[in-house]
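One structure below.
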Amino acid sequence: MQKSTRKWLLALLAAVLVAIIAYQARRFFGSGQFSGAKLWAAVRGADPLLLVVSVLAIYLCYALRALRWRVLQRNLGPSRFWQIYSLTLAGFASIFLLGRAGEPVRPILLARKEKLPTAGLFGIYLLERLLDTSSTLIIAALGLILIRARQGSNNSTTAFSTAFRTAGILLGGGLLVAIAFLIYLRVHGAPLLERRVDEWKRARSWKARIGSVIVDLARGVQTIRSWGDLTLAAAYSALHWILVLLIYLWISHAFGGTLAQLTLGDAMLVMGVTLVGSVVQLPGVGGGSQVGAFVAYTAIFGVEKEAAAAASIVLWLITFAAVSLIGVPLLIHQGFSLGQLKEMAEQEKEREQS
């Protein structure tokens, strides 16, 4: 990549990040008491060292994800860490660029570069999502316990606790169904399941898409060949989420004031609300990680709206958008444009419906 092109790319990324900050900040301007000056002061007063450490830590989180994927992929074929890590960054950057439509990009890129069956890698992807959902549910359960512990000193958390519990029950119900399905796979085997859903896939209806997802998940589950593989994948998941918890704590402390007084348990509560809010719509609250963090900061811990908004936006930028700083150049280096990524996502959607 030429130097001039690299400079334009960096300038474009900087402009995009500034636009994102401005757009996300507007979501919190519904109150007439909200002060843009206080928001800017909170951002300027943040500890840059803690923010830089958080950015470096989030890239370490992606490395842990790559290590977990390597464990799941090695029973399918080649499993090279640096290849998986770079394409993991590129894949998450595509999600940042395209939203949910970009989620199929990562397994497609890995399948092309590693010369492995796409269906098998989509199975790994679904299994990875299941591991993350399990972790989210555990964090949400601990968060609910912490919310209840605070209800005695803060009556405003009662309604929020009810909403959070409802969302957690919905998430937990889905997880139980998935676990029961995995047990079924282990008992009866994937080939039998594939024969049973083959009729669905020929139906060319909504059943065909469900059948495709079921078969992909079945193939992904078969990549776990031993208890050692399962234990190692679970260990990488635990390390990943522990590091994310520390990032939540460091970012909160970076803004000082009331946020600097949050403990590790408080950070877990904020993370639980954020994760559940990013997966499902919290009844009476809404969805989105930024909204979840903002509500947790203000309703549970009494943080000023401006400081809470600043911390919530920076949390989102570091845990979600920061991957684009390296991920987007990697996509360009791999020779993929935004149009090609959209085409790949659309082709995968058509494959599921065919």
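Which residues, taken from the range 213-234, are surrounded by fewer than 19 Cβ atoms within 10 Å (Cβ to Cβ), assigned to a helix (DSSP H, G or I) and either modelled with pLDDT of 90 or more or not aliphatic (A, V, I, L, M) (or both)?
Trp227, Gly228, Asp229, Thr231, listed by residue number.
Any residue at all in the range 45-61 that is in contact (Cβ under 8 Å) with a residue 24 or more places away in the chain, of a type in the set (D, E, K, R) and closer than 17 Å to Leu315 by Cβ?
yes
Might you let me know whether the range 274-289 holds any residue that is modelled with pLDDT of 80 or more, closer than 24 Å to Val55 by Cβ and part of a helix (DSSP H, G or I)?
Our first condition is that a residue be modelled with pLDDT of 80 or more; within the range 274-289, this holds for 274.
Now restrict to residues that are closer than 24 Å to Val55 by Cβ: 274.
Still in the running and part of a helix (DSSP H, G or I): 274.
Within the range 274-289 (the criterion being modelled with pLDDT of 80 or more, closer than 24 Å to Val55 by Cβ and part of a helix (DSSP H, G or I)), the answer is yes, since at least one residue qualifies.
For the subset of the range 68-106 comprising residues that are more than 21 Å from Ala57 (Cβ to Cβ) and among the small types (Gly, Ala, Ser), which member is surrounded by the most Cβ atoms within 10 Å (Cβ to Cβ)?
Checking each candidate, the answer is Ser94.
Given the criteria at negative phi and buried (at least 21 other Cβ atoms within 10 Å of the Cβ), does Leu127 qualify? Steps first, please.
On the way: at negative phi: yes; buried (at least 21 other Cβ atoms within 10 Å of the Cβ): yes.
In short, yes.
Test Leu109 against the stated conditions and say whether it is surrounded by 22 or more Cβ atoms within 10 Å (Cβ to Cβ), modelled with pLDDT under 90 and part of a helix (DSSP H, G or I). First the steps, then the outcome.
Working: surrounded by 22 or more Cβ atoms within 10 Å (Cβ to Cβ): yes; modelled with pLDDT under 90: yes; part of a helix (DSSP H, G or I): yes.
Spelling it out, Leu109 is indeed surrounded by 22 or more Cβ atoms within 10 Å (Cβ to Cβ), modelled with pLDDT under 90 and part of a helix (DSSP H, G or I).
Looking at (1) farther than 24 Å from Trp227 by Cα; (2) of a type in the set (Ser, Thr, Tyr); (3) more than 14 Å from the chain's Cα centre (by Cα), which is the one condition that is false for Ser79?
The failed condition is (1).
The values are calculated or read from the model by the stated rules, or taken from the named source; none is laboratory data. All values derive from a computational prediction rather than experimental measurement. We place every Cβ from the backbone using ideal geometry, glycine too, and count neighbours over all the protein chains shown.
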